[in-house]
Amino acid sequence: MSLGYYDWLVKVIVLGDSGVGKTNILTQFCDSKFSQNYTATIGVDFKIKILNVQDKKIKLQIWDTAGQERFRNITQTYYKGAYGIIFVYSLIDRNSFNNVEGWIKSILESTTDEVCSILVGNKLDSQDRRVQTAEGEKLAQKYNMPFIETSALENKNIQDIFDRLGQNLKIRLENEGQKVSNNIHTQSGQFKLNQEVNQTEQPTSSCNSC
Amino acid sequence: MKQSTKQERRGSFDSQLSNSIFKSNFIALDVKKQIDDQIINYQGDDEFEMLEKQQKNIPILLFNNDQLIKLNKKQNFGDDQKLQLAATLIQQRGIKYLQRKAIWMTFIEKGDAKKYFSKQPPQQVEQQIKKDINRTGYDDKMNNNKYINLLHRILRAYAIYNPKIGYTQGMNVICGNIILLLSIDGNDRELELDNFEVIEDEEEMFWMFVHLMKSMEDLFISGVPGIHRRIKQLEQMIQNRCNEILLHLQSNNIDNLCQCFSQYYFTMLMQKQEKKFARLILEMFLLYGEAFIQNFIVGTLQFYQFKIIKMNELEKLMPFFRDTMFSSYYQELKKLKKQNLIIQHFQQNHYFDKDPYLGITQIESNIEKQQKRKFIPEKILNLLTKNWFGKILGQQ
């Protein structure tokens, strides 16, 4: 019966350069699959997964974005209402690491909300590493977020991304809950949380970018 | 020996073709009679309504093989001919592959493409293309080396041809489908049977791609500004024609239609679709341009309106829009084709319109046009006498 039950519904977006493995991380996490024969994400992809964090269930609504830089204009329209952000680069693609800071800044510029972020270096399975662990750690420290190296191919540390993100989300949501002082645990009021937060933080929210 | 079997094959093909033409004309005549009856019944009713009805359901005669061959030399098509050609391409079974392709190519301006194929694009463009050529495929054919090599070469050549665009994701899907549709390999069974090694005409594919990209330049240049105009227009169309969908999406926290629909434009609806669906899109695009894309999206949404409104969660809505909607709509279209109703369906949904059909406002302006047309003295006289007689008869 409790299959569809959850305590919070949270919007998470995945950002990073094209080809770093964003979609593969998500299919591994949500569907326990890795597909060698995948297609490039165009527009946006969407996945759902319920995450257990201690005694709470967080329903993650994950938006998977197109990585090419020129789509950023559209990608930014998904930022609104996001609680969690996963920044991904590829350990074998130096450029994708250099560009991560650009992605982080684009978030800092466009949203004043406090978001829970995590930095992910993917493709740990490959022998041809171009970005050292210490570099990733340093960058994560600079922006005060957790850091993890993963392999979507070998399903290594994928669950950890979401566990660590989930813990931070839970802390934040509980604080939020105390602030707004209301309990949301109905299935029907699916979007209540986001809406209420939007209302309290930005009374006249309008999205005129599209 | 070989000659004779070939002839036989051709013979059977021709008879098949004429048979299907006969069949469709026959049915068309039948429908026409029905419509004539309808018009008679409508005479007492509102004249405008009659005109509307009449316009929509006039049966379209399909081209036969000889007519199609003559078309190959033609450059410009009138509206009626376009409609006739569209109907033929959609409804006619058994048009030979090379015949079809020759018709497509009448729309294409070709030039010398060698200079584009011989240069290297900037490194950044090359890198992005390389990332995507291996992950474009959906059809099995897309994953062999010949195909990937063609895709690579044509995308590169295009980046040289139009450095303002270079390469944007989505172009790989469109270009990939062009390659699938224009390559002899996999389409022309006769040549395959002869077991020749086929050398594909990459320049032909290139110019076809150039042609399609022409009207979509603002969609693919850096920053993809053209998407906003298209989404805005789409929103307007949905609002006028099936506003419930818009309200439903809003109540699901989607206030920006980019989130659900932007990929349709960047891939010309061809992502993860079967080849014949892509062929349909290509043919209609050649005839009606981007208006077809808009009308087709809205028509499809309208078709599934009730289903969409019942989906109360984003996790159902998003995969439906992304993966299932068009493929299941295509199955419906196939059924309509079998029943010889597909042309009618296309007309009713404005898929053959020159412009995106906005809904109510456009009907009003049409009526205005009709009214203007009507103020020709002769017509007024006609109408008056008709009405008077009607009244007199009615009174009696």
What number goes with the only condition from (1) open to solvent by less than 40 Å² (accessible area, probe 1.4 Å); (2) part of a loop (DSSP other than H, G, I, E, B) that B:HIS248 does not pass?
-> (2)
Being open to solvent by 10 Å² or more (accessible area, probe 1.4 Å), at pLDDT below 95 and among the small types (Gly, Ala, Ser) is the filter here, so list the residues in segment A:104-121 that pass it.
-> A:SER110
Hits in segment B:265-316 (condition: within 14 Å of chain A (Cβ to nearest Cβ), assigned to a helix (DSSP H, G or I) and surrounded by fewer than 20 Cβ atoms within 10 Å (Cβ to Cβ)) = B:GLU315, B:LYS316
Among the residues of segment A:18-42, which ones are open to solvent by 10 Å² or more (accessible area, probe 1.4 Å) and within 21 Å of B:VAL224 (Cα to Cα)?
-> A:GLY19, A:THR39, A:THR41
Candidate set from segment A:143-163 (those that are surrounded by fewer than 19 Cβ atoms within 10 Å (Cβ to Cβ) and charged (D, E, K, R)); member that is farthest from A:ILE118 (Cα to Cα) = A:GLU154
Search segment A:64-86 for residues being under 19 Å from B:GLN128 (Cβ atoms) and of a type in the set (Ser, Thr, Tyr), and hand back the single one that is modelled with the lowest pLDDT.
-> A:THR75
Test B:ALA159 against the stated conditions and say whether it is open to solvent by less than 50 Å² (accessible area, probe 1.4 Å) and without any contact (Cβ under 8 Å) to a residue 40 or more places away in the chain.
-> yes
Of the residues in segment B:109-138 that are surrounded by 15 or more Cβ atoms within 10 Å (Cβ to Cβ) and away from chain A (no Cβ under 14 Å), the one that is farthest from the chain's Cα centre (by Cα) is B:PRO121
Could you please let me know if A:TYR89 is crowded, with 21+ Cβ neighbours inside 10 Å, at pLDDT below 95 and away from chain B (no Cβ under 13 Å)?
-> no
Selection from segment B:232-260 of residues under 17 Å from B:GLY299 (Cβ atoms) and facing chain A (nearest Cβ under 8 Å) yields B:LEU257
Working carefully through the options A:ALA140, A:ALA134, A:ALA152, find the one that is within 17 Å of the chain's Cα centre (by Cα) and farther than 18 Å from A:THR65 by Cβ.
-> A:ALA140
Select from segment B:201-222 the residues that are free of Cβ contacts under 8 Å to residues at least 60 places away in the same chain, open to solvent by 20 Å² or more (accessible area, probe 1.4 Å) and either in contact with a Lys or Arg (Cβ under 8 Å, 6 or more places away or on another chain) or within 12 Å of another protein chain (Cβ to nearest Cβ) (or both) and list them in ascending order.
-> B:GLU217, B:ASP218, B:ILE221, B:SER222
Quickly run through segment A:18-31 and pick out the residues that are within 11 Å of chain B (Cβ to nearest Cβ), part of a helix (DSSP H, G or I) and closer than 19 Å to A:TYR78 by Cβ.
-> A:THR23, A:CYS30
When you go through A:LEU60, A:LEU15 one by one, which is the residue that is over 20 Å from B:TYR265 (Cα atoms), more than 13 Å from every other protein chain (Cβ to nearest Cβ) and either of a type in the set (Asp, Glu) or part of a strand (DSSP E or B) (or both)?
-> A:LEU15
Return yes or no: is A:THR65 touching a residue at least 12 places away in the same chain (Cβ under 8 Å) and of a type in the set (S, T, N, Q)?
-> yes
Looking only at segment A:92-103, and only at residues there that are more than 11 Å from A:TYR143 (Cβ to Cβ) and in contact (Cβ under 8 Å) with a residue 60 or more places away in the chain, the one that is least open to solvent (accessible area, probe 1.4 Å) = A:SER96
Among residues of segment A:65-91, those that are of a type in the set (Gly, Ala, Ser) and under 24 Å from A:LYS138 (Cα atoms), counted | 3
Single residue of B:GLY170, B:GLY166 found to be within 24 Å of the chain's Cα centre (by Cα) and open to solvent by less than 10 Å² (accessible area, probe 1.4 Å) = B:GLY170
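The values are calculated or read from the model by the stated rules, or taken from the named source; none is laboratory data. All values reported here derive from a predicted model rather than from experimental measurement. Please note: Cβ atoms are built from the backbone with ideal geometry, for glycine as well, and neighbour counts cover all protein chains shown. Protein only, heavy atoms only, side chains kept; ligands, DNA and RNA dropped before computing areas. Shrake-Rupley method; radii C 1.70, N 1.55, O 1.52, S 1.80 Å.
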